[in-house]
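Notes follow the structure.
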Amino acid sequence: MSLVVPPGLLEQARRGEVDDEAFLECVRTSLPYAWAVVTGLIADLRAGGADFADNQVSPPGEAARGQLLRLMASDAMRAAIERHYDVRLAFQNCHRAAVFRPGAAEALAEFTSARSQLLNQRPEMVDCLKSGYPERGRVASVTPAAAQGRLRRAGFKPWCAQWPRRSSRTGRRERPPTPRSPR
């Protein structure tokens, strides 16, 4: 379950609409790490003059990462935060949350583009917690080449590096195998 819902709030939801304040308090107490990340970004956005503020630090562990994923994956939670703070939220990978000013449509479109998502990929982020990124709750100083070497030694080969490949018999490109159902 992603939220710990107090009985009174659950009863209110059964009777009708829930106000944003009560819902946001439930989110804040249920997902403290995610709440701290998002509200910290909102504070950074308001303190500076940029169109957006984003988080570049990986969560300190799997539980924190799960909180951030649950908050950012919920349309209801995101919408309530956006309405309350008058911002737009966006998300890339397992940790890169961002908040945008309402008028920053161009910056939001760039951040949420396929191009930006692809350019944000790094080998060490394939599974940041298993690959040692971050180490002990902080961003590790792992170079992309070192991370690729670590992943290669662990037997990881990205799907895109495997296919399409050329057949040794015909020299033509092969298609990836299709999964077969057990008989």
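The values are calculated or read from the model by the stated rules, or taken from the named source; none is laboratory data. Just so we're clear, the structure is a prediction, and the values are computed from it rather than from any experiment. When we count neighbours, we look across all protein chains shown, and the Cβ atoms used for this are built from the backbone with ideal geometry, even at glycine.
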- Positions within the range 8-67 being on the phi > 0 side of the Ramachandran plot and buried (at least 16 other Cβ atoms within 10 Å of the Cβ), in sequence order: none
- Message: Quick check on Ala90: is it among the small types (Gly, Ala, Ser) and at pLDDT 75 or above?
- Response: yes
- Could you list all residues from the range 70-84 that are surrounded by fewer than 18 Cβ atoms within 10 Å (Cβ to Cβ) and of a type outside the set (Lys, Arg)? Ala73, Ser74, Asp75, Ala76, Ala79, Glu82, His84
